[in-house]
Amino acid sequence: MKKLLITGGAGFIGSHVVRRFVSSYPDYRIYNLDKLTYAGNLENLRDVEKQSNYEFVKGDITDAAFIDALFAQHRFEGVIHLAAESHVDRSISNPLEFVMTNVVGTVNLLNAARKTWLNKETPVSGARFYHVSTDEVYGSLGEEGLFTEKTSYDPHSPYSASKASSDHFVRAYCDTYGLPAVISNCSNNYGSFHFPEKLIPLAIHNIKNKKPIPVYGKGENVRDWLFVEDHARAIDVIFHKGKNGETYNIGGNNEWKNIDLIRLLCEIMDRKLNRASGESAKLISFVLDRAGHDLRYAIDSSKLQNELGWKPSLRFEEGLEKTVEWYLANEAWLNNVTSGDYKKYYEGQYAKR
Ligand code: NAD
Ligand code: TDX
């Protein structure tokens, strides 16, 4: 069996990637390495946890000795690296945690892969290190244009600076040591198991509970939204068919101003909750803008579409409706992840804005 390490598999996107690989590739043994931070939740993987080709490993990618020992024990033939601190607002309050996990953690994994795969005595052939990154490394667009794989990096938040740095390290290991690696940069994801600190699940949670929906600034910032299962499928395609040393942009070709997205979500929620039309929109509350808030992200994914044959599968309206239905049907999950500290942090924070 081919041994594949997926990091951050208990998080939002990682859980979809784990699910896809465990069920599509019975000849792979999938090791899901996750620290289980506030964002990691084994409930996200209840449906795959008993599969015989799946194993969970609790651990921290910032612990180099632990990572080295894990690689020495299993001699993984592939890594799909998703573990990260992923929330921009948290990076503004605590940048160092982002440096540790996103930069140091990534370099620890690169070192372990290099030692295991490229040593002269017992090299591992055909291995690949897949680094999952974000479109935020490219910075902010004006009204026009799209990010391509050749767009210069211009990160603005501590989060995007840490992801940009980790991307540079992956390329440096490719160029300096010949480490077989590939990178993808994806736009904003949405779908099931999304932690309700991010815009869409936070808004669903607040609308459901008749709490204010915090819209930063005037709500004019634009994001390019992609259904998370389409991202997981792109990762599968790139992992198997992408070329080492290459970068692939992944995006939904689906730009929405935050305020328009929130209004659409309010309409869907009114219908699903049998509320009068316009009732949820009354919860929209414009709050202080995010510091350094990037105006617009939009991805050109034509390289991935033309070279590897991937394209997004769902219309946004359809994907958003499916997502709302999932959150309404999975109240226990939502209640579980929003218990304890969540209440103090989010409800306290927005009260102050
Ligand atoms: P998430 O925050 O939902 O999940 C991150 C996971 O990593 C969690 O399970 C957490 O426990 C784990 N983790 C954090 N620190 C760790 C550590 N030190 N050691 C081991 N595990 C640790 O994140 P996500 O939204 O699923 O994003 C996954 C990856 O995709 C990230 O690298 C992110 O930068 C990238 N990405 C996300 C989006 C998006 O829209 N969410 C878009 C593009 C790229
Ligand atoms: O309460 C909110 N109100 C609001 O107006 C929140 C949480 C966000 N926003 C705005 C900020 C952004 O313009 O909505 C937009 C989306 O915000 P987030 O959900 O925080 O996502 P974003 O900052 O765009 O980053 C996301 O996409 C790229 C992920 O969190 C990253 O991990 C990914 O790399």
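All of the numbers you see were taken from the coordinates with simple rules; none came from a lab. Computed from a prediction, not measured in an experiment: that's the story for all the values here. Heads up, the Cβs are rebuilt from the backbone with ideal geometry, glycines too, and the neighbour counts pull from every protein chain shown.
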Can you give the angle from 0 to 90° between the axis of helix 105-117 and the longest principal axis of the chain, with both taken from C-alpha atoms, to the nearest 10?
-> 30 degrees
What shape does the chain have by the C-alpha gyration tensor, where a ≥ b ≥ c are the square roots of the eigenvalues, rounded means a/c under 1.5, and otherwise prolate means a/b greater than b/c and oblate the rest?
-> prolate
Tilt, helix 158-177 to longest principal axis of the chain (alpha-carbon atoms), in degrees rounded to tens, equals 20 degrees
Using a simple charge model, +1 on the beta-carbon of Lys and Arg, -1 on the beta-carbon of Asp and Glu, nothing else, what dipole does segment 226-353 show about its Cα centre, in debye to the nearest 20?
-> 280 debye
By per-residue mean of other Cβ atoms within 10 Å, what is the highest-first order of 45-51, 151-157, 335-341?
-> 151-157, 45-51, 335-341
Identify, among Ala83, Ile238, Pro158, the residue whose Cα sits farthest towards the positive end of the charge dipole of the chain, taking +1 on the Cβ of Lys and Arg and -1 on the Cβ of Asp and Glu, with the dipole about the Cα centre.
-> Ala83
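Around Leu4, what is the net charge, scoring Lys/Arg as +1 and Asp/Glu as -1 over all other residues with Cβ under 11 Å from its Cβ?
The answer is +1.
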Cross-link reach list, aspartates and glutamates versus Lys303, counting only Cα pairs under 13 Å and skipping chain neighbours closer than eight places | Glu149, Glu246
Among Leu36, Leu314, Thr106 the positive-end extreme of the charge dipole of the chain (Cβ point charges) | Leu36
Roughly how tilted is helix 199-208, in degrees to the nearest 10 and between 0 and 90, from the longest Cα axis of the chain?
-> 40 degrees
Determine, for each peptide in 277-283, 61-67, 160-166, the mean count of other beta carbons within 10 angstrom over its residues, then list the peptides with the highest first.
-> 160-166, 61-67, 277-283
Hey, got the dipole for segment 195-285? About the Cα centre, +1 on K and R Cβ, -1 on D and E Cβ, debye to the nearest 20?
-> 380 debye
Extension gain (nm, one decimal) between Arg171 and Asp154, 0.36 nm per residue minus Cα-Cα | 4.5 nm
Gyration tensor (alpha-carbon) shape descriptor, segment 16-74, a/c threshold 1.5 = oblate
Only Lys, Arg, Asp and Glu count, each charged at its Cβ (+1, +1, -1, -1), so figure out the dipole size of the chain about its Cα centre, rounded to 20 debye.
-> 500 debye
Among 218-225, 23-30, 251-258, what's the highest-first ranking by average C-beta atoms within 10 angstrom per residue?
-> 251-258, 218-225, 23-30
Count the DSSP beta bridges whose two residues both fall in the chain, then state the antiparallel fraction as a percent rounded to the nearest 5.
-> 5 percent
